[in-house]
1. How do the helices (runs of 4 or more DSSP H) wholly within segment 110-194 filter down when requiring 1 or more residues that are closer than 15 Å to ALA230 by Cα: which remain?
2. Starting from residues that are in contact with a Lys or Arg (Cβ under 8 Å, 6 or more places away or on another chain) and part of a strand (DSSP E or B), keep the ones in segment 276-293 and report whichever is surrounded by the most Cβ atoms within 10 Å (Cβ to Cβ).
3. Of all residues being among the charged types (D, E, K, R) and in a helix (DSSP H, G or I) in segment 230-264, which is most open to solvent (accessible area, probe 1.4 Å)? Just the residue, please.
4. Scan segment 297-304 and tell me whether some residue there is outside the structural domain of ASN140 (by the TED database), among the small types (Gly, Ala, Ser) and modelled with pLDDT of 80 or more.
5. For segment 190-203: of the residues being open to solvent by less than 10 Å² (accessible area, probe 1.4 Å) and not aromatic (Phe, Trp, Tyr), which is modelled with the highest pLDDT?
6. Can you confirm whether segment 144-157 contains a residue that is more than 13 Å from the chain's Cα centre (by Cα) and either surrounded by 23 or more Cβ atoms within 10 Å (Cβ to Cβ) or modelled with pLDDT under 90 (or both)?
7. When residues of segment 116-143 are filtered for being open to solvent by 30 Å² or more (accessible area, probe 1.4 Å) and touching a Leu at 6+ places or on another chain (Cβ under 9 Å), how many remain?
8. Would segment 3-21 turn up any residue that is under 30 Å from LEU136 (Cα atoms), without any contact (Cβ under 8 Å) to a residue 12 or more places away in the chain and open to solvent by 20 Å² or more (accessible area, probe 1.4 Å)?
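The values are calculated or read from the model by the stated rules, or taken from the named source; none is laboratory data. Here the structure is a predicted model, which is why all the values come from computation and not from measurement. In this analysis, Cβ positions are derived from the backbone assuming ideal geometry, glycine residues included, and neighbour counts consider all displayed protein chains. In case anyone asks, the SASA skips ligands and DNA or RNA and just uses the protein heavy atoms, side chains included. Shrake-Rupley method; radii C 1.70, N 1.55, O 1.52, S 1.80 Å.
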Amino acid sequence: DMCKKKLMQEFRNVSQVLADDALTHRLSSLSPSALELLCRCDLGSREGALCLLALWFSRAQSLRGTVAKKLLPLISTADASQLLSLPPVCKGAGLCRDWLLHYFGNVYSTIKNGRSRSFCSLSFPVVRLWASLDELQVHNENDVAVLLSFWCSANASRAVTQQNFNELSALLRVGCMSPPFSHFTLPKLSWFTKSAVLPYFNVAWGVDGGNKGCGFGISGRSDADVVPPAWAATPRLPAVMKNATLEHSFPKSEVVSMVESAHAGSSTSIFSPPMYYGGYYWAHQVQCSMPVSSLGIYLQSTTRPPLPEPSLAKASYTLRIQKQGVRRRVNVTSGASIWFKGRAGWGKSGLLDVRSAKQLDELLVDDQLCVSCQLKDVA
């Protein structure tokens, strides 16, 4: 309590702290624990706490990396927008950038691990800043377009304008997307506003690697149809994960029901939920084929709203089932990269005999059929 009282006596008047170099210097010398205590005090307004926090971050450069995990949770998604409107001396944009990279910097992980809902609650100015960052970690630029699609869909009924969509479209690094994504998926995104000029960029980029991909537009058209400089920008940072393992466990009851349905009629399939990697959603398909009473395991490209059905996707993969705690190859591998179109995965299935209950049980682990797919070279 004594420490809290002393901090409040010295730094309660936030305007005075911002105007007094001596007070600013003393603020920057506070320990992370003392700063956290100060920011949890009643400083009259939330803006006051954010001012002190941003000012400390801008001055205490040597400590920023080591204390980020402790202090950045003090900032909520609602606070992030307010950081951008703080007085210039606070350098709130710098703290907002650090906060964005801490929570949403790994774009692939944000999508895969379900943090896209938190991302969708950010305001447009914050999302615009995020989309401009070089330090985002991605599999490729497809990830950025996918996460922006979730944000645009979630905010379509709010005060988001066509100009906002124009700005986000201009911040994509289209030259760093996979060609199938930029040619076939990007023009179908409902918020993407530069489809008219996209074919010209794709052709120029494919011919000379983007040296002539920018700085031109369509004759007689508006500035909105000029290729943005960001489209030919250098790639963002690579995400740590190069390949993906997509796993799903089908409960025994679901598998048995599928087999029984197949015995009663024609071939029947069950599907895993959509799983994300490389700009696309994928699903495992298990099919019981008759009259041979065998299981086929497939990989297919699929989708998840608000993304469109994939026109083309390219990948190489190996499908396995888990048996007796050991991953066992079930003769489902693409070898080289193959093309997927729409919801039909092209490739051979691995047929597993399940003519008896015992044969089916031999494929299960803890009463589940565990399917794993190693996916790589996604384009």
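1. Working: elements: 116-120, 124-131, 142-154, 162-171.
It comes to 124-131, 142-154, 162-171.
2. Our first condition is that a residue be in contact with a Lys or Arg (Cβ under 8 Å, 6 or more places away or on another chain); within segment 276-293, this holds for 276-277, 281, 293.
Keeping just the survivors that are part of a strand (DSSP E or B) gives 276-277, 281.
Numbers: TYR276: 20, TYR277: 23, TYR281: 21.
So the residue we want is TYR277.
3. Filtering segment 230-264 down to residues among the charged types (D, E, K, R) leaves 236, 242, 247, 252, 254, 260.
After this cut, where a residue has to be in a helix (DSSP H, G or I) as well, the list is 252, 254, 260.
Numbers: LYS252: 66, GLU254: 67, GLU260: 117 Å².
Looking at residues that are among the charged types (D, E, K, R) and in a helix (DSSP H, G or I), I get GLU260.
4. Yes: one or more hits.
5. Selected residue: LEU198.
6. Initially, segment 144-157 is screened for residues more than 13 Å from the chain's Cα centre (by Cα), giving 152-157.
Adding the requirement that they be either surrounded by 23 or more Cβ atoms within 10 Å (Cβ to Cβ) or modelled with pLDDT under 90 (or both) leaves 156-157.
Among the residues of segment 144-157, at least one is more than 13 Å from the chain's Cα centre (by Cα) and either surrounded by 23 or more Cβ atoms within 10 Å (Cβ to Cβ) or modelled with pLDDT under 90 (or both), which makes the answer yes.
7. 8
8. No.
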